[in-house]
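Have a look at the structure below, then the notes.
The values are calculated or read from the model by the stated rules, or taken from the named source; none is laboratory data. Small disclaimer: the values here were computed from a predicted structure and weren't measured. All Cβ positions, glycine included, derive from the backbone under ideal geometry; neighbour counts span all protein chains shown. Accessible surface areas use protein heavy atoms only, side chains included; no ligands, DNA or RNA. Shrake-Rupley method; radii C 1.70, N 1.55, O 1.52, S 1.80 Å.
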Amino acid sequence: MKNYFEGFYCRDDLHLQVINKDSNRKILTALRDAYPIGLSVEELSEVTKLPIKTVYAQKAELYREYYINHVEEEKKSQRGRPSKRQDPFIFRKRARLVIEELFGIHDMYEGNKPVPLPPGHSIFSEGFADTLTKLTLREEKNELFVTLLDYVRKVLSRAYNNEEIKEKWAPSNEGSYCCTQCGLNHEARDFFRATLMNLIDEFEQSKYFIDFLKNQNMLTQQSYEKIESTTK
């Protein structure tokens, strides 16, 4: 899977502790690279160069905290977690591990589990999102949605029409590349998220926004002049 973001994203202190372990980061990176097929424990050990006992120990932690899931090789279309009644020894021998990273409408746990954040996603402070709904109009949002959709559609089309960019950056549009757990193409999700976040970064550095901050007394005259001098 192509990578558009650096690092890992944590939603709380518990997930920070999980990601803080080098072995866990190696496992998650390997599973991300192996998306959507995943890897067996033996393959993970070979790719990460970690002892197989370490892989077994850390996969238990990653599974418990919803970073990864099991996929039975005979039933690749099965979604969710295996039955607790299933023989763990038999299951272990024929299971592959896949990375989860679910969020929003694609979260099969419907927000009831502390699933790790996909790259570039955030958890807002309680009440902030609800407050924003009171400060915005649905019609305004719909207009922005149409504009943003047109933007990402053009970006994607240009990426597909440039062979070099397509090979390095464009997300796969093959149906088989969709996640076996949530049904969403994780690579496409990350590509569009990165595209829109980059647009926000550019917007915040644009003269339009800088002038707005100055007019709202949210930027000092000294800082404004410094930014003006560097952008000329």
Links that overshoot a 27 Å alpha carbon limit, given the list K141/K214; K113/K168; K2/K207; K134/K154; K26/K113; K113/K141: K113/K168; K2/K207; K134/K154; K113/K141
Once you place label points 7 Å from the Cα toward the Cβ at E143 and F128, how far apart are they in nm? 2.6
Using eta = 1.002 mPa s and T = 20 °C, Stokes-Einstein with Kirkwood Rh from Cα pairs puts D for the stretch 148-232, in µm² s⁻¹, at 137
q = 0.07, 0.12 Å⁻¹: log10 I(q)/I(0) that the Debye formula gives for the chain, counting C-alpha atoms only: -0.32, -0.83
The stretch 145-232, accessible area per residue, ligands and nucleic acids excluded (1.4 Å, Å²): 73
Full extension between T230 and R25 adds, at 0.36 nm per residue less the Cα distance, a length in nm of 70.0 nm
Per-residue ellipticity at 222 nm for the chain, helices alone: DSSP H runs ≥ 4 residues times -39500 (n - 2.57), over residue total, nearest 500 deg cm²/dmol? -16000 deg cm²/dmol
With all protein chains modelled, accessible area of Y177 [1.4 Å, Å²]: 50
Expected output is a single nm value to one decimal: the length gained when fully extending between E46 and R11, i.e. 0.36 nm times separation in residues minus the C-alpha distance. What is it? 9.6 nm
